[in-house]
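Following: one structure in C-alpha cells, then a few remarks.
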Amino acid sequence: MALKSWFEIGKLIRHKTNREELEAIFSVIDRCFNDAELKGLSSDQKYIISYQAAFEVSRAFIYCHGYRPIKTGHHYIVWQCMKDLVSADTRKTILLFETAAKKRNKLTYDIAGLASQKEADEIYKEAKAFVDFIKEEIKKIDIK
C-alpha cells in the first residue's frame, strides 16, 4: 500500500520535517549504537537498542516523504511503509526488522533472556548497515 493510502486510512499524518528534526533523530540513533556497544550489556538490551536504531532511521525516512505514523501501532506502520519506500532488494531487510519488532516487543514486555548473543550481534550488524544505507537515501532528498 502506498504512503498516500496509509494516510487515507488514518495511519499516517502529514508531516513536514527539517534538518534540525532529522539531526535530533540521528543523535538518538548514535546513542543507540553507542549504548549497544557497552560492555556488560545483556544480549536482550543489545537486540532492543539495535532494532530501535533501525526503527528510528526508518521513521526519519518516512518523515522525509511528508508523513509520520500515528502513535497506535507505529512500529507496524513504519515497516509497512518502508516496504513502499525501498527497492525490492532492501525489502528482505525490512522483513528482518518486521520480525525483530515482534521479538523486541516480547523482550520489552514479556520474556527476559530471549535474544542470544549471536542474535543480538547479528541484528546490530544489520541495523548498522541499514542505518548507513537509509541515511544515504535521505541525503538525496531535498530537506530544508
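Assorted remarks:
- Label-point separation, TYR76 to PHE33 (7 Å along Cα→Cβ), nm: 3.1 nm
- Pairwise FRET efficiency - LYS135 versus ASP89, Cβ, R0 = 22 Å, nearest 0.05: 0.80
- Computed E for LYS102/PHE7 - FRET, C-beta separation, R0 30 angstrom, nearest 0.05: 0.75
- Overall dimensions of region 19-139, expressed as equivalent-ellipsoid semi-axes from the Cα gyration tensor (√(5λ), whole Å, largest first), are 23, 16, 14.
- Environment charge of ARG31, counting only residues whose C-beta is closer than 12 Å and scoring Lys/Arg +1, Asp/Glu -1: -4
- Of the GluC sites (Glu not before Pro) found in region 1-78, those in coil by DSSP whose Cβ has at most 14 other Cβ atoms within 10 Å are GLU37.
- Within straight-line cross-link reach of LYS118, lysines at Cα separation under 24 Å, skipping those fewer than 8 residues along the same chain: LYS39, LYS46, LYS92, LYS102, LYS103, LYS106, LYS128
- Helix-only arithmetic for the chain: the sum of -39500 (n - 2.57) across DSSP H runs with n ≥ 4, divided by the residue total, places the mean residue ellipticity at 222 nm at -24000 deg cm²/dmol.
Laboratory data are not the source of any read-out in this text; all were calculated from the coordinates shown. Remember, predicted model here, so these are calculated numbers, not experimental data. Ideal geometry is used to build each Cβ from the backbone, glycine not excepted, and the neighbour counts take in all protein chains shown.
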